[in-house]
Amino acid sequence: MEGKPRSVSILLFLSIPCIFLSLSTTTLSTSLQFQTLTLNSLPNKPTLSWADTVPESETQTLTDPTISEDSTTTSLSVQLHHIDALSSDKTSEDLFYSRLARDAARVKSLTSLVAAVGGRNHTRARRPGFSSSVISGLAQGSGEYFTRLGVGTPARYVFMVLDTGSDVVWIQCAPCKKCYSQTDPVFDPTKSRSFANIPCGSPLCRRLDSGGCSTKKQICLYQVSYGDGSFTFGDFSTETLTFRGSRVGRVALGCGHDNEGLFVGAAGLLGLGRGKLSFPSQIGRRFNRKFSYCLVDRSASSKPSSMVFGDSAISRTARFTPLLSNPKLDTFYYVELLGISVGGTRVSGITASLFKLDTTGNGGVIIDSGTSVTRLTRPAYVALRDAFRVGASSLKRAPEFSLFDTCFDLSGKTEVKVPTVVLHFRGADVPLPASNYLIPVDNSGSFCFAFAGTMSGLSIIGNIQQQGFRVVYDLTASRIGFAPRGCA
């Protein structure tokens with residue numbers, strides 16, 4: 001079980017300390033803003049109860065009035081669970097190491113995709129009958145959050161990864177040519193009254209970037225390949241999905257009969273990207289192209305994470321920034337980052353030009369639910385790290401850890417004061433809670449600054465920095481919002 005909720009108190013200290021730079025005789029006098037970080041240990045493996053994952057009975061059928069097909073429900077709400085809950089028994093430190101390994105694979109996959117559309121060398125997997133393959137941003141295993149939803153009629157409940165870096169919705173299907181191990185029985189479309197194949201040449205089939213056709217059955221085929229070499233292949237079809245009692249009919253999804261690679265635990269994937277076949281795009285008319293999620297800091301709270309679709313996804317306290325479009329890639333959610341402040345002062349070495357999205361599709365900043373640690377282009381990261389080190393000079397340093405090069409030994413303490421960090425997006429200043437950028441990396445009191453540099457031009461705002469905010473995707477108004485303390 002996760003620990004009891006602990007509050008992180010925010011205190012502002014206006015002081016004028018003298019900071020002596022070891023390589024200079026210059027004395028820098030400045031006024032730094034601090035906040036208090038309450039120290040917590042690494043989160044233990046989360047547990048799943050039946051009530052958490054399936055609020056409705058798995059035996060409900062279409063005749064049940066609570067899940068009628070013609071429901072006028074204009075909002076959906078589901079609980080989200082961290083992928084650690086599907087892991088085999090591991091220590092909290094093992095789980096953290098695994099998370100960082102998934103994260104590295106995820107970032108490599110995302111940057112490979114952007115490099116491909118930017119015109120650099122990239123190899124795409126091919127299958128007979130396919131001119132090319134969709135290359136998704138998800139390196140599987142790296143989808144960090146999942147929910148439980150019903151597939152088919154009657155609904156068969158399965159775990160599905162939710163991912164803002166992917167578009168196509170898919171699920172493993174029987175009969176399997178090759179299927180990976182999943183927690184639930186593999187979905188059998190022959191036992192669903194609402195399953196329907198999509199004919200070759202239909203408008204839905206043509207919307208696939210990489211559609212194929214079974215000449216024998218004259219049905220549409222799909223293939224999605226991932227940056228780590230994993231892929232899913234099968235029939236492109238429509239099916240009904242059930243979310244906590246609300247049914248959404250005729251969702252186009254891949255029914256995968258050959259799914260190979262680093263897929264773990266969940267039955268499939270609910271793509272939440274900006275592409276035309278993602279779940280938000282498909283249900284746009286019913287739910288006004290709006291959704292939001294709030295990811296809980298599991299080391300400090302036992303509240304569940306959640307996702308909402310529809311008008312109720314919009315938070316009144318959200319600060320919004322416009323979405324940008326990458327003309328070469330429609331999947332990702334690009335935003336404009338103008339700068340970053342540490343201790344109340346803008347970091348001089350971080351300018352908007354470091355994050356510019358160019359006309360070839362390279363560069364830019366994306367908001368991503370599946371990346372854990374925020375990656376910044378190397379010059380921006382170095383400037384941010386150096387500013388934070390100066391502001392946190394009173395804390396005892398510790399050795400580097402994995403991808404983190406700025407760590408501290410906080411053993412024996414229950415709280416410390418750390419300089420504030422604010423992300424400045426166009427139109428939205430987002431002050432981060434201290435626990436969103438100084439995180440435990442072991443159970444011995446080592447904490448690290450949870451940003452990293454990347455040699456890629458792509459910067460990624462990861463889910464550690466998003467914790468505690470309701471992140472609002474308002475695609476109708478082409479904007480993303482951040483509402484603090486949004487998980488209540």
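The values are calculated or read from the model by the stated rules, or taken from the named source; none is laboratory data. Computed from a predicted structure; not experimentally measured. For neighbour counting, all protein chains shown are included, and Cβ atoms are generated from backbone atoms with ideal geometry for every residue, glycine included. Note: accessible area is taken over every heavy atom of the protein model, side chains too, but ligands, DNA and RNA are not part of it. Shrake-Rupley method; radii C 1.70, N 1.55, O 1.52, S 1.80 Å.
Looking at Leu270, Leu253, which one is in contact (Cβ under 8 Å) with a residue 40 or more places away in the chain, within 22 Å of Pro185 (Cβ to Cβ), open to solvent by less than 20 Å² (accessible area, probe 1.4 Å) and touching a Gly at 6+ places or on another chain (Cβ under 9 Å)?
Leu253
Results for (1) in contact with a helix residue (DSSP H, G or I) (Cβ under 8 Å, 6 or more places away or on another chain); (2) farther than 30 Å from Lys45 by Cβ; (3) among the small types (Gly, Ala, Ser), shown as yes or no for each residue.
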| residue | (1), (2), (3) |
| --- | --- |
| Glu239 | yes, yes, no |
| Arg247 | yes, yes, no |
| Asn259 | no, no, no |
| Asn288 | yes, yes, no |
| Val296 | no, no, no |
| Ser301 | no, no, yes |
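Yes or no, residue by residue, for (1) open to solvent by less than 10 Å² (accessible area, probe 1.4 Å); (2) more than 20 Å from Ser77 (Cα to Cα); (3) touching a helix residue (DSSP H, G or I) at 6+ places or on another chain (Cβ under 7 Å); (4) of a type in the set (Asp, Glu):
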| residue | (1), (2), (3), (4) |
| --- | --- |
| Tyr293 | yes, no, no, no |
| Ala313 | yes, no, no, no |
| Lys328 | no, yes, yes, no |
| Leu357 | no, yes, no, no |
Yes or no: Val390 crowded, with 20+ Cβ neighbours inside 10 Å, of a type in the set (Val, Ile, Thr) and over 20 Å from the mean Cα position of the chain (by Cα)?
no
Scanning segment 145-156 for residues that are open to solvent by 10 Å² or more (accessible area, probe 1.4 Å) and more than 22 Å from Ser369 (Cβ to Cβ) gives Pro154, Arg156
Being part of a loop (DSSP other than H, G, I, E, B), of a type in the set (Gly, Ala, Ser) and without any contact (Cβ under 8 Å) to a residue 24 or more places away in the chain narrows it down to one of Gly229, Gly201, so name that one.
Gly201
Inside segment 160-182, can you point out the residues that are more than 13 Å from Leu241 (Cβ to Cβ), touching a Leu at 6+ places or on another chain (Cβ under 7 Å) and part of a strand (DSSP E or B)?
Val161, Asp163
Need a quick list: strands (runs of 3 or more DSSP E) entirely within segment 263-360 having at least 1 residues that are closer than 23 Å to Phe451 by Cβ.
290-294, 305-310, 319-326, 329-335, 337-342
Just checking, which of Arg206, Arg193, Arg244 is within 30 Å of Gly310 (Cα to Cα), in contact with a Pro (Cβ under 7 Å, 6 or more places away or on another chain) and open to solvent by 50 Å² or more (accessible area, probe 1.4 Å)?
Arg244
Which residue out of Thr238, Thr183 is touching a strand residue (DSSP E or B) at 6+ places or on another chain (Cβ under 7 Å), surrounded by fewer than 23 Cβ atoms within 10 Å (Cβ to Cβ) and under 19 Å from Gly271 (Cα atoms)?
Thr238
Which condition breaks for Ile480 when tested against (1) surrounded by fewer than 21 Cβ atoms within 10 Å (Cβ to Cβ); (2) part of a strand (DSSP E or B); (3) under 20 Å from the mean Cα position of the chain (by Cα)?
(1)
Looking at segment 446-476 only, could you name the residues that are part of a loop (DSSP other than H, G, I, E, B) and either surrounded by 21 or more Cβ atoms within 10 Å (Cβ to Cβ) or touching a strand residue (DSSP E or B) at 6+ places or on another chain (Cβ under 6 Å) (or both)?
Ala450, Gly457, Leu458, Gly462, Gln467, Gly468, Phe469
Answer with yes or no whether Lys216 is in contact with a Lys or Arg (Cβ under 6 Å, 6 or more places away or on another chain), open to solvent by 20 Å² or more (accessible area, probe 1.4 Å) and assigned to a loop (DSSP other than H, G, I, E, B).
no
Enumerate the pairs (first residue in segment 317-332 and within 17 Å of Ser459 (Cα to Cα); second residue anywhere and surrounded by fewer than 16 Cβ atoms within 10 Å (Cβ to Cβ) and hydrophobic (A, V, I, L, M, F, W, C)) with beta-carbon separation below 9 Å, excluding pairs fewer than 6 apart on the same chain, so at least 6 apart or on different chains.
Pro322/Ala477; Leu323/Ala477
